[in-house]
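Trainee: Take this structure first; my questions come after.
Every number in this text was worked out from the coordinates using simple rules, so none of it is lab data. Predicted model, so just to flag it, every value in this text is computed and none were measured. Note: ideal-geometry Cβ built from the backbone for every residue, glycine included; neighbour counts use all protein chains shown.
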Amino acid sequence: MNTMNNLDIINKIGIKVLLKVDYPIICETLERIGIVNKIEKKIFPSCYCIKYSDAEGSESYRVCHFKEMFLLQNKESTFNDLDAVRRNTIGYLLQSWNLMEALNQDDIADILSRKITVVPFKEKKEYTIVHKFRNLH
């Protein structure tokens, strides 16, 4: 995955973060945040956490909207300003829950005023998670 081309793209997408909990915990939490259809019991996650090696070879992480991640596969993306604010809001929530820290606080300064749906962990088994993009781990 880490061709220089992909690293160039990775450095332009998402929010660079420092994890305060294990990577699988971040991934599992992100699976429960997004668009939720309570009638059909489906969750459409909005964001994913990607793990990659930076230019120095150090392990790094970014929280990205699923539409940003299409760029890593050289696919078209309809990522827009509302998607960016949704991503930033999710990053803000993860930081406020002490799960991670945005390395640039400006990345999470612009957040949604309306509620983001988070399915509680204890209810997750009642839902089907529908991925628009498969995580890269």
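Trainee: Rounded, prolate or oblate: which one fits the stretch 55-110, using the alpha carbon gyration tensor with axes a ≥ b ≥ c (rounded when a/c is under 1.5, else prolate when a/b beats b/c, else oblate)?
Mentor: Values: a/c = 2.33, a/b = 1.18, b/c = 1.97.
Verdict is oblate for the stretch 55-110.
Trainee: Sticking with this structure for a sec: Mean residue ellipticity at 222 nm from the helices of the chain, using -39,500 (n - 2.57) per DSSP H segment of n ≥ 4 over the full residue count, to the nearest 500 deg cm²/dmol? Display every interim value, and only then the final one.
Mentor: Details: 4 runs with 36 residues, N = 137.
Result for the chain, helices only: -7500 deg cm²/dmol.
Trainee: How large are Rg and Dmax for the chain when only the alpha carbon atoms are used, in Å?
Mentor: Expressed in Å, the Cα Rg and Dmax of the chain come to 14.4, 47.
Trainee: I've got another one for you. Quick one: net charge around ASP54, please, counting Lys, Arg +1 and Asp, Glu -1 for every other residue with C-beta under 13 Å from its C-beta. Spell out each step's value before the answer.
Mentor: Numbers: positive: LYS16, LYS51, ARG62; negative: ASP8, GLU56, GLU59.
That sum, taken over residues with Cβ under 13 Å, equals 0.
Trainee: Okay, moving on. If amide H atoms are built 1.01 Å from N in the plane of the peptide, which residues on other chains or at least 5 residues away come under 5 Å of the amide H of SER46?
Mentor: Under 5 Å from the amide H of SER46: ILE33, GLY34, ILE35.
Trainee: With r as the distance between the Cβ atoms of LYS42 and LEU18 and R0 = 35 Å, compute the FRET efficiency 1/(1 + (r/R0)^6) and round to 0.05.
Mentor: On the way: r = 32 Å, r/R0 = 0.90.
In this case the efficiency is close to 0.65.
Trainee: Holding the Cα-Cα limit at 29 Å, pick out from LYS16/LYS38; LYS12/LYS124; LYS67/LYS124; LYS16/LYS75; LYS41/LYS115 the pairs that are longer than that. Provide the component values of the computation, followed by the final result.
Mentor: On the way: LYS16/LYS38 31 Å; LYS12/LYS124 32 Å; LYS67/LYS124 23 Å; LYS16/LYS75 22 Å; LYS41/LYS115 19 Å.
Too far apart for the 29 Å limit: LYS16/LYS38; LYS12/LYS124.
Trainee: Enter the angle in degrees (range 0 to 90, nearest 10) between the Cα long axis of helix 81-96 and the first principal axis of the Cα atoms of the chain, meaning the one along which they spread out most.
Mentor: In the chain, helix 81-96 runs at an angle near 80 degrees to the longest axis.
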